[in-house]
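Asks: Below are the structure tokens for one structure; questions will follow.
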Amino acid sequence: MDSEQLREYGHRLIDFIADYYKTIESFPVLSQVQPGYLHKLLPDIAPDHPETMDQVLDDVRAKILPGVTHWQSPSFFAYYPANSSVAGFLGDMLSAGLGIMGFSWITSPAATELEMIVLDWLAKLLNLPDQFLSKGNGGGVIQGSTSEAILVVLIAARNKVLRNVGQNALEKLVVYSSDQTHSAFQKTCQIVGIHPENCRVLETDASTNYALRPGLLQEAVSQDLEAGLIPFFLCATVGTTSSAAIDPLAELGKIANSNDMWFHVDAAYAGSACICPEYRQYIDGVETTDSFSMSAHKWFLTNFDCSLLWVKDQDSLTEALSTNPEYLKNKASQANLVVDFKDWQIPLGRSFRSLKLWMVLRLYGSEALKNYIRNHIKLAKDFEQLVSEDPNFEIVTPRIFSLVCFRLVPAKNDEKKCNNQNRKLQDAVNSSGKLFISHTALSGKIVLRCAIGAPLTEEKHVKEAWNVIQDEASFLLHK
């Protein structure tokens, strides 16, 4: 790498990105291109000779940006947020610049030790039990995504139970989740080899605001025990994807613990809010869990990828995932003096991801991060109020964090027509390019989701979004 070329190109690219953020509101939030558009604009083969930075950036402007959906736009309200920030961006840039591969302690001691320190910092902000801290047999690790976090603990739980009951018992293992659990859990079960008929997806409804009912779980576990099966894993959620529902951890934990089941909590989205003392109550019962995860790249100003996983028993991970080929052996690892995070994850390689989380925590501080989250929740409360004042709309589930679930009300109790209208409304709103919202289905009802959490979102953007939704709804209802 030529340092002067890096300096020149780096300055230009930083300017390009800064200009992008300065003008981000001028772009349609949702890309309006058609499938295959880029194949028509780029050549079929790679260039034989170097091209200039000007040529590349010109193509980014003219060909790439039209095909970008602008997740950092202040009018992006779809799915859940995927935060980017100056601190997170700089941390990513520093990690890329250092270019280390920190799969074991010896490959970059600072990478391993900073990750342990920063995960301990965040565990303390969340007031997690001491068993999740690195000073004991637990600790935290950065995974690429919640999917990876769930996968590694599911593998650990599977191996732990099979060591006790025999390797031939795989077909008897049963997992439990609700119908609101993220689809990543279904995928991980497929990867781990859990038989599809042994995946208990327990039904939720509006009576519990779509939280998992402990009684239903207990009933399912009892039936499986009577059938000679082995209940071994429960995945609960704090802040489900569809509606931000909160499973009752303490009650579920009692059932899991009394049946020797691994209890994991996925708090990918809502975990960030739980650094605020007034929202910490939503992870009460976390002391009954074996593992806990949240994604700092959603709502914690830390650029993707940065999913945080804590476990009480690190040995359960390393016994299931460690490999020790001769070419990776070294004195520190052989003497068990250090942590090698390669044994806490699926891949071998890993980047210096803790740098960006460290920079976010240092450059912003915990109080500013708490207020950042509180502001989004206030904006969501304001949006909820606007919706509730319009007789054409209704709030579908109670708002807790920064997600508002709403819909056009059905005319003459015609749910089918109502679902079609809400789909049309979503399409019209998104096609305007002025904002982007997504949808879900709850009890057969198509529900629109407004998830507020982009770093640049202000009160005016929320009001403008509601005005667009009202205008498109008015046109739709009077056609």
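Asks: So, in region 298-344, how many residues would count as being closer than 21 Å to LEU98 by Cα, surrounded by 20 or more Cβ atoms within 10 Å (Cβ to Cβ) and touching a Lys or Arg at 6+ places or on another chain (Cβ under 8 Å)?
Replies: Looking only at that region, the number is 5.
A quick yes/no check of all residues on (1) over 26 Å from ILE346 (Cβ atoms); (2) open to solvent by 70 Å² or more (accessible area, probe 1.4 Å); (3) of a type outside the set (A, V, I, L, M, F, W, C):
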residue: VAL161; (1), (2), (3): no, no, no
residue: SER183; (1), (2), (3): no, yes, yes
residue: ILE194; (1), (2), (3): no, no, no
residue: ASN198; (1), (2), (3): no, no, yes
residue: VAL221; (1), (2), (3): yes, no, no
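Asks: Out of LEU65, LEU98, LEU41, which single residue is more than 28 Å from ALA465 (Cα to Cα) and at pLDDT 95 or above?
Replies: Values: LEU65 fails: more than 28 Å from ALA465 (Cα to Cα); LEU98 fails: at pLDDT 95 or above.
Criteria check complete, one pass: LEU41.
Asks: Now for a separate question. Assuming ARG374 fulfils every condition listed in (1) closer than 23 Å to THR112 by Cβ; (2) of a type outside the set (A, V, I, L, M); (3) not assigned by TED's automatic domain parsing to the domain that holds ALA156 apart from one, which condition is it?
Replies: (1)
Asks: How many residues does region 105-128 hold that are farther than 21 Å from LYS370 by Cβ and either in a loop (DSSP other than H, G, I, E, B) or under 20 Å from the mean Cα position of the chain (by Cα) (or both)?
Replies: Within region 105-128, the subset farther than 21 Å from LYS370 by Cβ is 105-116.
Retained after the next criterion (residues that are either in a loop (DSSP other than H, G, I, E, B) or under 20 Å from the mean Cα position of the chain (by Cα) (or both)): 108, 115.
So the answer is 2.
Asks: Which one of PRO398, PRO410, PRO347, PRO391 is surrounded by fewer than 21 Cβ atoms within 10 Å (Cβ to Cβ) and touching a Lys or Arg at 6+ places or on another chain (Cβ under 8 Å)? Steps first, please.
Replies: Details: PRO398 fails: touching a Lys or Arg at 6+ places or on another chain (Cβ under 8 Å); PRO347 fails: touching a Lys or Arg at 6+ places or on another chain (Cβ under 8 Å); PRO391 fails: touching a Lys or Arg at 6+ places or on another chain (Cβ under 8 Å).
Going through PRO398, PRO410, PRO347, PRO391 in turn, the sole match is PRO410.
Asks: Next question. Do we have HIS439 as closer than 17 Å to TYR80 by Cα and open to solvent by 10 Å² or more (accessible area, probe 1.4 Å) here? Walk me through it before giving the result.
Replies: Working: closer than 17 Å to TYR80 by Cα: yes; open to solvent by 10 Å² or more (accessible area, probe 1.4 Å): yes.
So HIS439 passes the test.
Asks: May I pose another question? What are the residues in region 105-143 that are open to solvent by less than 40 Å² (accessible area, probe 1.4 Å), out of contact with any Lys or Arg (no Cβ under 6 Å at 6 or more places or on another chain) and either hydroxyl-bearing (Ser, Thr, Tyr) or closer than 24 Å to LEU328 by Cα (or both), if any?
Replies: Matches in region 105-143: SER108, ALA111, THR112, LEU114, GLU115, SER134, GLY139, GLY140, VAL141, GLN143.
Asks: Hey, does region 271-289 have a residue that's open to solvent by 10 Å² or more (accessible area, probe 1.4 Å) and either outside the structural domain of VAL192 (by TED's automatic domain parsing) or touching a Ser or Thr at 6+ places or on another chain (Cβ under 8 Å) (or both)?
Replies: Start the filter on region 271-289 by keeping residues that are open to solvent by 10 Å² or more (accessible area, probe 1.4 Å), which leaves 277-282, 284, 287-288.
Checking the rest, the ones that are also either outside the structural domain of VAL192 (by TED's automatic domain parsing) or touching a Ser or Thr at 6+ places or on another chain (Cβ under 8 Å) (or both) come to none.
No, that holds for no residue.
Asks: For region 363-382, does any single residue satisfy the condition of being under 30 Å from HIS461 (Cβ atoms), open to solvent by less than 60 Å² (accessible area, probe 1.4 Å) and more than 22 Å from the chain's Cα centre (by Cα)?
Replies: We begin by selecting, within region 363-382, every residue under 30 Å from HIS461 (Cβ atoms); these are 363-382.
When the remaining residues are screened for being open to solvent by less than 60 Å² (accessible area, probe 1.4 Å), the result is 365-366, 368-370, 372-373, 376-377, 379-380, 382.
When the remaining residues are screened for being more than 22 Å from the chain's Cα centre (by Cα), the result is 382.
Yes - at least one qualifying residue is present in region 363-382.
Asks: Given the conditions (1) more than 22 Å from VAL360 (Cβ to Cβ); (2) of a type in the set (Asp, Glu); (3) touching a residue at least 60 places away in the same chain (Cβ under 8 Å), and given that GLU51 satisfies all but one, which numbered condition is not satisfied?
Replies: Evaluating GLU51 over (1) more than 22 Å from VAL360 (Cβ to Cβ); (2) of a type in the set (Asp, Glu); (3) touching a residue at least 60 places away in the same chain (Cβ under 8 Å) leaves (3) as the failure.
Asks: Let me ask something else about it. Can you confirm whether ASN259 is touching a strand residue (DSSP E or B) at 6+ places or on another chain (Cβ under 7 Å), in contact (Cβ under 8 Å) with a residue 12 or more places away in the chain and open to solvent by 10 Å² or more (accessible area, probe 1.4 Å)?
Replies: Working: touching a strand residue (DSSP E or B) at 6+ places or on another chain (Cβ under 7 Å): yes; in contact (Cβ under 8 Å) with a residue 12 or more places away in the chain: yes; open to solvent by 10 Å² or more (accessible area, probe 1.4 Å): yes.
When the stated conditions are applied, ASN259 passes them.
Asks: What do you reckon, is GLY102 open to solvent by less than 10 Å² (accessible area, probe 1.4 Å), over 30 Å from VAL447 (Cβ atoms) and in a loop (DSSP other than H, G, I, E, B)? Quick ask: steps written out before the conclusion?
Replies: Values: open to solvent by less than 10 Å² (accessible area, probe 1.4 Å): yes; over 30 Å from VAL447 (Cβ atoms): yes; in a loop (DSSP other than H, G, I, E, B): yes.
In short, yes.
Asks: Ok, one more. Of all residues being in a loop (DSSP other than H, G, I, E, B) and free of Cβ contacts under 8 Å to residues at least 40 places away in the same chain in region 442-479, which is least open to solvent (accessible area, probe 1.4 Å)? Just the residue, please. Let's see the steps before the verdict.
Replies: Quick first cut of region 442-479, residues in a loop (DSSP other than H, G, I, E, B) only: 443-444, 452-458, 478-479.
Checking the rest, the ones that are also free of Cβ contacts under 8 Å to residues at least 40 places away in the same chain come to 444, 478-479.
Details: GLY444: 61, HIS478: 145, LYS479: 173 Å².
Once the filter is applied, the top-ranked residue is GLY444.
Asks: Okay, next question. Would it be correct to say that LEU98 is under 23 Å from the mean Cα position of the chain (by Cα) and of a type in the set (A, V, I, L, M)?
Replies: Numbers: under 23 Å from the mean Cα position of the chain (by Cα): no; of a type in the set (A, V, I, L, M): yes.
No.
Asks: Restricting to region 76-99, name every residue that is open to solvent by 20 Å² or more (accessible area, probe 1.4 Å), farther than 30 Å from ASN430 by Cα and either β-branched (Val, Ile, Thr) or part of a helix (DSSP H, G or I) (or both).
Replies: LEU90, ASP92, MET93, LEU94, ALA96, GLY97, LEU98
Asks: State which residue pairs qualify: first residue in a helix (DSSP H, G or I) and inside region 149-167, second residue among the basic types (Lys, Arg) in any location, beta carbons under 8 Å apart, and separation of 6 or more residues or different chains.
Replies: From residues that are in a helix (DSSP H, G or I), the pairs are VAL165/LYS172.
The values are calculated or read from the model by the stated rules, or taken from the named source; none is laboratory data. This structure is a prediction, so every number in the text was calculated from the model and none was measured. Positions of Cβ are generated from backbone atoms using ideal geometry, with glycine treated the same way; all protein chains shown enter the neighbour counts. Calculation scope for accessible area: heavy atoms of the full protein, side chains included, ligands and nucleic acids excluded. Shrake-Rupley method; radii C 1.70, N 1.55, O 1.52, S 1.80 Å.
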